[in-house]
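Visitor: Once you've had a glance at the structure underneath, I'll fire off some questions.
The values are calculated or read from the model by the stated rules, or taken from the named source; none is laboratory data. Everything numeric here is computed off the predicted structure, so don't read it as measured data. Reconstructed Cβ throughout: ideal geometry from the backbone, glycine too, with neighbour counts over all protein chains shown. Just so you know, the surface numbers come from the protein's heavy atoms only, side chains and all, with ligands and any DNA or RNA stripped out. Shrake-Rupley method; radii C 1.70, N 1.55, O 1.52, S 1.80 Å.
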Amino acid sequence: MAQEHKLAIFRGRWKFKSNIQKIWGVLILLSVITAIEVILGIIKPESLVHSHFLGMKLLNWIFIILTIVKAYYIAWDFMHLRDEKTSFRRIIVWTPVFLISYIIFIMLFEADYIYNVLKDSFIAWNF
Amino acid sequence: MDSTVTTVAEENVWGGGNNKPLGASYGKMMIWFFIVSDSLTFAGFLVAYGFARFKFADSWIIADEVFTHVPFFHGSYPMYYVAFMTFVLIISSVTMVLAVDAGHRMDKKKTTWYMFLTVLGGLVFIGSQAWEWATFIKGDYGALETKGGRIIQFQAADTGERLALKDFAKTIPGERVNHERKNGVWYYGDKALPSYSLNEVIEGVKADPNVVVRVEQLTERGEKTVLSREDSVKKLDEAVMVVEGANLIHNEYGNRLFADLFFFITGFHGFHVSMGIMLNIIVFFNVLLGTYEKRGHYEMVEKVGLYWHFVDLVWVFVFTFFYLV
């Protein structure tokens, strides 16, 4: 089972000497990201909470992007996707990415529509 | 027809033989396909949460007000405990990946140790989640529920601090007592009564001018709306019952869908973690017994590892959408 590991992250900018070192490096990265998330979640900086982008708080965008970054490193380095063949990796990653993006789009669009129905029409729900 | 005949020895066919499409062995490819389909299931659940949240965008629960407890500490510490849980799961992911690495180098002793630590991390996580559930079910301050299922909470008018029902509810003698099973022969008990009756809470609010009502509706700034004293007393007319804690039908923290989805999604994730712990224990014993040593490779550690990392991956998303966003 001699398997070769690609030992660099950040597109080759951070190189490791061995696979074990890379694992600890990725752990540090994930811990730092989690710490940033938690600190932002506790402080809730005014400037990020009250500014919006595409109808969502800037802070929430930051959380979601950091989550996807974390997911990337878990999948690429802990689950060894970095070492798999490119075609195999694409099958595994792009299939759910496409399907999940689609369901997010239709469901949230529909939910927003229902929100407006509850808000503007003659349906009493808050009594 | 010739092209379909495998030329490998019969006993290897179950393992996919020597044909390795895309460079992955049969087992590894299948666990990946399982992970892909399972990620779609979790995505469906989380999108359902997003749906409920967008539908009730201006009255949804503020998670920071719900998960504020840390075991053995009093006071309000939002986020800290979940952050700890997330960290535990990431650490157990790291020990798992170290076990896989040790397995590749055929290092039985290290693989055993790392598998043991992974199981330990999983148990700490699942225990924390059980505690989190228990705290959520038990409830915090208590609230009233209106006919339409909306929640009325209370806070002090001067300090703005949340008030628990016991802080102001009156004790009115002669109220109904909980009928327990031991008191009747053919009557098998009834539902547990809340600590205070609706009347006791309402009279308590009326007697104490410092109590005001918070409703679910969010203000422009994303905080819960606090009614004036007059409106607060008027709002009490809509209340029909006292709610303490959360379950699938009532939820003192706010929208009941939040509790439903919380139980469902973290429960489903916790179920995955439990299964992961079981698989890890099985692999741990197999490593200990030398099964993989005899087989010549530790690929099973890697396959179970993939599942374990996936559970971690899902938690990263659950953490974001339930606690952060």
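Visitor: Where residues in region B:247-267 are over 13 Å from the mean Cα position of the chain (by Cα) and within 17 Å of B:VAL215 (Cα to Cα), which of them is most open to solvent (accessible area, probe 1.4 Å)?
Guide: Once the filter is applied, the top-ranked residue is B:ARG256.
Visitor: For region B:103-117, how many residues meet the condition of being within 12 Å of another protein chain (Cβ to nearest Cβ) and either crowded, with 19+ Cβ neighbours inside 10 Å or touching a residue at least 12 places away in the same chain (Cβ under 8 Å) (or both)?
Guide: 5
Visitor: Also: Quick test for you: out of B:VAL47, B:VAL100, B:VAL36, pick the one residue that is of a type in the set (Val, Ile, Thr), in contact with a Ser or Thr (Cβ under 9 Å, 6 or more places away or on another chain) and without any contact (Cβ under 8 Å) to a residue 12 or more places away in the chain.
Guide: B:VAL36
Visitor: If you scan region A:16-71, which residues turn out to be more than 10 Å from every other protein chain (Cβ to nearest Cβ) and open to solvent by less than 40 Å² (accessible area, probe 1.4 Å)?
Guide: Result: A:PHE16, A:GLY25, A:LEU29, A:PRO45, A:LEU48, A:SER51.
Visitor: Does B:ASP101 count as assigned to a helix (DSSP H, G or I) and not basic (Lys, Arg)?
Guide: yes
Visitor: Any idea which of A:ALA35, A:ALA71 is modelled with pLDDT of 85 or more and either closer than 16 Å to B:LEU306 by Cα or of a type in the set (Ser, Thr, Tyr) (or both)?
Guide: None of the other options fit; the residue is A:ALA71.
Visitor: Moving to a separate point now. Determine, yes or no, whether B:ALA83 is part of a helix (DSSP H, G or I), farther than 30 Å from B:VAL124 by Cα and either at pLDDT 90 or above or within 8 Å of another protein chain (Cβ to nearest Cβ) (or both).
Guide: no
Visitor: Assigned by TED's automatic domain parsing to the domain that holds B:ASP64, touching a Leu at 6+ places or on another chain (Cβ under 8 Å) and at pLDDT 90 or above: does that describe B:PHE268?
Guide: no
Visitor: Hey, any hits in region B:212-220 for a residue that's open to solvent by 60 Å² or more (accessible area, probe 1.4 Å), out of contact with any Leu (no Cβ under 6 Å at 6 or more places or on another chain) and modelled with pLDDT of 90 or more?
Guide: There is no residue in region B:212-220 that is open to solvent by 60 Å² or more (accessible area, probe 1.4 Å), out of contact with any Leu (no Cβ under 6 Å at 6 or more places or on another chain) and modelled with pLDDT of 90 or more.
Visitor: Let me ask another. What number of residues in region B:1-31 are open to solvent by 40 Å² or more (accessible area, probe 1.4 Å), modelled with pLDDT under 65 and either within 9 Å of another protein chain (Cβ to nearest Cβ) or in contact with a helix residue (DSSP H, G or I) (Cβ under 9 Å, 6 or more places away or on another chain) (or both)?
Guide: Here the count works out to 3.
Visitor: Do you know which residues across region B:278-325 are under 27 Å from the mean Cα position of the chain (by Cα), open to solvent by 10 Å² or more (accessible area, probe 1.4 Å), of a type in the set (Val, Ile, Thr) and away from chain A (no Cβ under 14 Å)?
Guide: If the condition is that a residue be under 27 Å from the mean Cα position of the chain (by Cα), open to solvent by 10 Å² or more (accessible area, probe 1.4 Å), of a type in the set (Val, Ile, Thr) and away from chain A (no Cβ under 14 Å), then B:ILE281, B:ILE282 are the ones that fit.
Visitor: Name every residue in region A:81-120 that is facing chain B (nearest Cβ under 7 Å), open to solvent by 60 Å² or more (accessible area, probe 1.4 Å), in a helix (DSSP H, G or I) and within 30 Å of A:LYS6 (Cβ to Cβ), in order of residue number.
Guide: Residues satisfying the conditions are A:THR95, A:LEU99.
Visitor: Take B:LEU227 and tell me if it is over 17 Å from B:LYS166 (Cβ atoms), open to solvent by 30 Å² or more (accessible area, probe 1.4 Å), more than 12 Å from every other protein chain (Cβ to nearest Cβ) and in contact with an Asp or Glu (Cβ under 8 Å, 6 or more places away or on another chain).
Guide: Considered against the rule, which asks whether it is over 17 Å from B:LYS166 (Cβ atoms), open to solvent by 30 Å² or more (accessible area, probe 1.4 Å), more than 12 Å from every other protein chain (Cβ to nearest Cβ) and in contact with an Asp or Glu (Cβ under 8 Å, 6 or more places away or on another chain), B:LEU227 comes out as no.
Visitor: Is at least one residue of region B:54-64 surrounded by 20 or more Cβ atoms within 10 Å (Cβ to Cβ), at the interface with chain A (Cβ under 8 Å from one of its Cβ atoms) and either at positive phi or among the basic types (Lys, Arg) (or both)?
Guide: Scanning region B:54-64, I find at least one residue that is surrounded by 20 or more Cβ atoms within 10 Å (Cβ to Cβ), at the interface with chain A (Cβ under 8 Å from one of its Cβ atoms) and either at positive phi or among the basic types (Lys, Arg) (or both), so the answer is yes.
Visitor: From the list B:GLY149, B:GLY139, exactly one residue is at pLDDT 85 or above, within 14 Å of chain A (Cβ to nearest Cβ), open to solvent by less than 60 Å² (accessible area, probe 1.4 Å) and over 30 Å from B:LEU288 (Cα atoms). Which is it?
Guide: B:GLY149
Visitor: What is the one condition in (1) out of contact with any helix residue (DSSP H, G or I) (no Cβ under 6 Å at 6 or more places or on another chain); (2) surrounded by 20 or more Cβ atoms within 10 Å (Cβ to Cβ) that B:PHE34 does not satisfy?
Guide: It fails just one condition, (2).
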